[in-house]
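All of the numbers you see were taken from the coordinates with simple rules; none came from a lab. Since the structure is predicted, the reported quantities are computational estimates derived from the model, not experimental observations. With ideal geometry, Cβ positions are generated from the backbone for all residues, glycine too; neighbour counts draw on all protein chains shown.
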Amino acid sequence: MNKKLWLKLTFIAVIVLSALMLTGCLDFADIYNRLTAEEEALIDEYLADYYLFDYNPDEVVFDAENGTLTGLDRYSFYLTPEEYYALMYPTDSEEKMFGISFALGDEGWYVANVVLGSPADLAGVCENDIISYINGNIIYATTPYERLKRLLYNDTISLLLLRDGVEVRTRPITKAYLTMRYLEFFFIDEEDSILTNFDIDYSVTSSARVDKYPHYKKYCLNELDLKTTGYIKLHQFTYTSSEAQQRITQEFDYAMNLFKEAYGGSGKLVLDLNNNPGGYLDYCTQICSYLIKGESPEGTSFQTYDLRDKNGASMITDNENMVTSVYADYFDEDALEPQIVVLTNGGSASASEMLTGCLLVYGTAVQVGTQTYGKGIAQTVMPLKFSYIDIGGEEVLSCSALYFSIAYFYSPAYGDIEYKYYNYCNQTDKNGNGVLDENEVECGFLPEVENTCTSIFEQIKRAQEILGNNSEN
């Protein structure tokens, strides 16, 4: 096996449990059998060679009932062949889903995203709700990913949520057929035509947008001058089905081409990363090419991040962290002030922080919102045992796998600025303790005081103030 190849399949994400994607009722007794000797040997080898944190090998125990690996950090776990296939080959086809995704934060498992019009939305579930109970089962911050995932394979769930310190109990939520969406955008061109992927008739005029577009209201876009400024919401850095095989960001490329069409190559942009828990590293890296500029020894090529192993050695090979900037094709390259505002909150983690840090380093964006999560570590997937599984009536080759932490992330080196070689991780051991900042301050990216605001209404309003003031520069 080519270990180097597999190590490049790197993820930077807070654990995201997507009930959007949990579509079947599986017999877990058939899935979580005891590990084979081959799997145990490979797990021992991978952890000894690559695992980021100090650990006791005797404490790494496989729980066959729940499919969990104890003794590692909360971002490291075992994948069945079915889970590995779903991770590597995501689907955006219509599936039975609740329309909700969960992520793990400092206060426990919380609601990262709710799809408008989904069963979860209609049941009153809100983003940032803390999950207290699922079907009467108590959920802790320490509840393992596998345990929560198992509860969500049911077709119907009831939730007890904690919202602003108040308990909220939902009615039973039953899965319905939905289409997954990872990116949303909204632009208005000079002829007042709306360019969006919100699945509404594109020909309607902006005067009808409040009634026609529920997302317009959800994201408070009435506070934004959409004739000069576009809006893009990234829920996760995840490939669609058509993108996954070639590892291309076709959907984001499409959005940016419409952005250029709407604003003639000199528009301004609000990039919403609120509650974006991360995703594929190479997806995030490709996005950077649109959004950064500067002076580089390599001409138009720019470093987007640095990646270091447990010994502090760089893990970068083949210039995989370099991109060619196309910023000048989409924004006013001569503008003296940033033409992008990036929105963040405590749910903006991993790849979201990598992108935020990159934009701050190159000075193309202003951060608005609240401090990011502070997860400056990366995970990868290493195969264990190959086997054939049934996917939609077709036998496909997959494998069990180990998903585990392998590296610290650092912001790119560019100029003599405070973010140079900055790691934004909030832990130094597998138990989540400690920070890496030499001044012992909380890690993560923090907006300036005047740009700190919590609600999406306040964030969009502040973004408009910043970009509106920059329009004459």
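Based on the Cβ-Cβ distance from K310 to Y89, what FRET efficiency comes out when R0 is 51 Å, to the nearest 0.05? It comes to 0.95. Taking 0.36 nm per residue of separation and subtracting the Cα-Cα distance, full extension of the segment from E394 to E107 would add 99.2 nm. Working note: Debye formula, equal point scatterers on the alpha-carbon atoms of the range 267-320, no solvent; log10 I(q)/I(0) at q = 0.17, 0.25, 0.29 Å⁻¹ is -0.76, -1.19, -1.26. Site pair T300 and S387 shows an inter-label distance of 4.9 nm when each label is modelled 7 Å from Cα along Cα→Cβ.
For the range 267-349, GluC sites (Glu not before Pro) are listed when DSSP marks them as loop and at most 10 other Cβ atoms sit within 10 Å of their Cβ; the list is E295, E298. On the basis of the beta-carbon distance and an R0 of 51 Å, A413 and E59 show a calculated FRET efficiency of 0.85. Shown here for the range 117-171: chymotrypsin sites (Phe, Trp or Tyr not before Pro) in loop regions (DSSP other than H, G, I, E, B) with at most 15 other Cβ atoms within 10 Å, namely Y140, Y153.
Using the average count of surrounding beta-carbon atoms within 10 Å as a protection proxy, the listed peptides 336-347, 179-190, 156-167 rank, highest first, as 336-347, 179-190, 156-167. Over 26 Å apart at the Cα level, from the set K175/K385; K217/K375; K233/K293, are K175/K385; K217/K375.
In plain terms, the chain from E191 to L336 could stretch by 49.4 nm, reckoned as 0.36 nm per residue minus the Cα-Cα distance. Taking other C-beta atoms within 10 Å as the exposure proxy, M322, M315 rank M322, M315 from fewest upward. What net charge do the residues around I287 carry, taking every other residue with its C-beta under 12 Å from that of I287, with Lys and Arg at +1 and Asp and Glu at -1? Charge balance in the 12 Å sphere: -3.
Between N257 and K218, the simple spin-label model (points 7 angstrom out along Cα→Cβ) gives 2.6 nm.
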